[in-house]
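**Q** Pasting a structure below so you can have a look.
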Amino acid sequence: MRRRLESDFTPPSDICPHPEYWHTGDCETTEQEVVELIGALVRALQPELVVETGSYKGVMSESIGRALKQNGHGRLITFEIDAVLAEVARRACRRLPVEVLHQSSLAWTPPGKIDFAWLDSGIETRVQEFEQYYPFLKGSIIGIHDTAPHHPVRAQVKARLLDRLSPIWLPTPRGVLLAQVL
Ligand SMILES: C[S@@+](CC[C@H](N)C(=O)[O-])C[C@H]1O[C@@H](n2cnc3c(N)ncnc32)[C@H](O)[C@@H]1O
């Protein structure tokens with residue numbers, strides 16, 4: 001995918017005055033530098049079950065899948081409601097320990113503990129996903145994308161989830177909340 005400057009999509013802000021330092025394929029794909037961070041976290045945490053909501057074109061799914069392959073154990077289940085995008089993501093992840101499910105993230109019950117989750121689906125569904133998966137997330141690390149002050153996800157997280165999280169707000173262009181689930 002051709003990389004563009006994140007500043008094509010996100011203006012400078014108080015928390016992130018230089019969005020041009022980051023790169024991305026388009027306005028939906030996570031910033032490349034954040035994709036690399038999450039891949040590195042999967043290497044550091046050595047999870048067995050990883051969940052991503054919102055596969056889109058599979059850029060983050062591929063990064064997580066490569067990390068899991070390098071770990072030598074663990075799998076990613078990633079959800080995408082758009083059939084065409086689910087197929088694009090499947091192709092990006094072939095030969096990796098990744099299952100791309102063409103279904104809503106909300107129509108799924110985890111089979112057991114989720115060791116790491118990347119919540120990046122619809123703006124309205126991320127908080128619902130957390131609430132639905134919560135019994136399977138206790139003690140685990142999660143990332144929620146688009147939590148910069150200009151994104152509505154931030155206010156939803158603050159209003160509904162903060163009592164169950166030990167958070168770090170990363171000042172990336174679109175914002176990332178990394179947290180341990182209490
Ligand atoms: C911001 S994009 C995901 C970007 C991707 N995670 C990445 O890092 O490149 C959001 C995607 O979530 C999908 N989506 C929205 N609501 C969903 C849901 N409830 N379940 C599964 N996918 C959903 C959309 O179709 C879209 O492709």
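Read-outs: derived from the displayed coordinates by stated rules, not from any lab. Source: prediction; values computed, not measured. Positions of Cβ are generated from backbone atoms using ideal geometry, with glycine treated the same way; all protein chains shown enter the neighbour counts.
**Q** Hey, in the GNM for the chain with a 10 angstrom Cα cutoff, which one of I38, I77, I168 fluctuates hardest?
**A** Fluctuation is largest for I168.
**Q** Along the charge dipole of the chain, which of Q46, A107, L177 sits closest to the positive end, that is, farthest toward it, with unit charges on the beta carbon of Lys, Arg, Asp and Glu (+1, +1, -1, -1)?
**A** Q46
**Q** Here's something else I'd like to know. Report, ordered by chain and residue number, the aspartates and glutamates lying within cross-link reach of K57, taken as a straight Cα distance under 15 Å and ignoring same-chain residues fewer than 8 apart.
**A** Correct list for K57: D26, E28, E31, E80, D82, E87, E99, D120.
**Q** Something else about it: For region 91-101, just list the computed ³J(HN,Hα) in residue order, Karplus coefficients 6.51, -1.76 and 1.60, θ = phi - 60°, integers in Hz, with x standing in for Gly and Pro.
**A** Result, rounded to whole Hz: 5, 5, 10, 4, 6, 10, x, 10, 10, 9, 9.
**Q** Need the full-extension length gain, E48 to S166, defined as separation in residues times 0.36 nm minus the C-alpha distance. One decimal, nm. If you can, show how the numbers build up before the last one.
**A** Working: separation 118, 0.36 × 118 = 42.48 nm, distance 2.17 nm.
Gain in length upon complete extension: 40.3 nm.
**Q** Same structure again: Write down the percent of antiparallel bridges among all DSSP beta bridges whose residues are both part of the chain, to the nearest 5.
**A** 45 percent
**Q** Using Cα pairs under 8 angstrom and six or more residues apart, how large is the relative contact order of region 63-128, in percent?
**A** Working: 58 pairs, mean separation 19.8, N = 66.
Taking the mean separation of contacting Cα pairs over the length of region 63-128, I get 30 percent.
**Q** Pull up all non-local amide H partners of T29: gap of 5 or more, or a different chain, and H-to-H distance under 5 Å with H placed in the peptide plane.
**A** Residues meeting the criterion, in which the H sits 1.01 Å from N, do not exist here.
**Q** Under 26 Å Cα to Cα from K158, which lysines show up? Leave out anything in the same chain fewer than 8 places away.
**A** By straight Cα distance, K158 reaches K113, K138.
**Q** I need the shape label for region 30-181. Rule: rounded when a/c is under 1.5, else prolate if a/b > b/c, else oblate, with a, b, c from the alpha carbon gyration tensor.
**A** Values: a/c = 1.38, a/b = 1.32, b/c = 1.05.
Rounded is the answer for region 30-181, as its axis ratio a/c remains below 1.5.
**Q** Sticking with this one: Kindly provide the GluC sites (Glu not before Pro) of region 44-149 that DSSP labels as loop, not H, G, I, E or B, and whose Cβ sees at most 16 other Cβ atoms within 10 Å. Can you show the working numbers first?
**A** Numbers: sites: E48, E52, E62, E80, E87, E99, E124, E129, E131; in loops: E48, E80, E124.
Sparse-neighbourhood loop GluC sites (Glu not before Pro): E48, E124.
**Q** Moving on to the next point. Given only helices, namely DSSP H runs of n ≥ 4 each adding -39500 (n - 2.57), what is the per-residue ellipticity at 222 nm of the chain, to the nearest 500 deg cm²/dmol?
**A** Working: 5 runs with 54 residues, N = 182.
Estimated from H runs of four or more residues: -9000 deg cm²/dmol.
**Q** Quick one: Kirkwood hydrodynamic radius for region 35-82, alpha-carbon pairs, angstrom, one decimal?
**A** Values: mean 1/r = 0.0950 Å⁻¹.
It works out to 10.5 Å.
**Q** Under the definition of Cα pairs under 8 Å and six or more residues apart, what whole-number percent is the relative contact order of region 1-49?
**A** Details: 44 pairs, mean separation 14.6, N = 49.
Over region 1-49, the number comes to 30 percent.
**Q** Can you tell me the dipole magnitude for region 1-141 around its Cα centre, using point charges on the Cβ only (Lys, Arg +1; Asp, Glu -1), in Debye to the nearest 20? Please report the intermediate quantities before stating the final value.
**A** Working: 15 positive and 21 negative charges, 154 e Å.
Approximately 740 debye in magnitude.
**Q** With contacts defined as alpha carbon pairs under 8 Å and 6 or more residues apart, what's the relative contact order of region 30-181 in percent?
**A** 19 percent
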